[in-house]
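Bear in mind these aren't lab numbers, they're just calculated from the coordinates by the rules spelled out. Worth saying up front: this structure is predicted, and the values here are computed from it rather than measured. We place every Cβ from the backbone using ideal geometry, glycine too, and count neighbours over all the protein chains shown.
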Amino acid sequence: MTLILQPLRVATEFDEEGALVLDEKRRLVAVLVHLSDKNEVAPGQWYLEAGFGPVQGVAPPTFADLDMAQNWIRRRLASS
């Protein structure tokens with residue numbers, strides 16, 4: 001499954017780097033935010049800010065990089 005990432009800035013206090021994640025049908029399935037190095041919980045990690053459809057309603061995980069985030073999202077979408 002191919003996911004499309006659209007970089008964007010997110011209006012948060014420190015963490016502005018983000019990405020919209022779209023599925024093959026160009027439907028929004030997730031919003032990811034890159035946590036700053038100042039983040040106390042998971043510095044430098046990617047965070048699932050919002051999920052939709054099969055990605056919705058899960059405990060928001062963090063990921064070491066975008067590849068790990070995409071793989072996790074693909075698994076969630078495939079299991080629906």
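Checking every one of the GluC sites (Glu not before Pro) in segment 11-80 against DSSP loop status and a limit of 13 other Cβ atoms within 10 Å picks out 13, 16, 24, 40.
Over segment 39-80, the fraction of Cα-Cα pairs per 10 Å bin, rounded to whole percents and listed from the shortest bin up, is 29, 54, 16, 1. For the chain, a simple Cβ point-charge model (Lys and Arg +1, Asp and Glu -1, everything else neutral) yields a dipole of about 500 debye relative to the Cα centre.
What percent do you get for the relative contact order of the chain when only Cα pairs under 8 Å and 6+ apart count?
20 percent
Here the sum of -39500 (n - 2.57) over DSSP H runs of 4 or more residues, divided by the residues of the chain, equals -5000 deg cm²/dmol at 222 nm, to the nearest 500. The long axis of helix 66-78 is offset from the longest Cα principal axis of the chain by roughly 30 degrees.
All Cα-Cα separations within segment 4-78 were binned at 5 Å from zero, giving a P(r) of 3, 17, 30, 26, 16, 6, 1, 0, each value a whole percent of the pairs.
One equal scatterer on each Cα of segment 1-42, no solvent, Debye formula: the resulting log10 I(q)/I(0) at q = 0.18, 0.25 Å⁻¹ is -0.54, -0.80.
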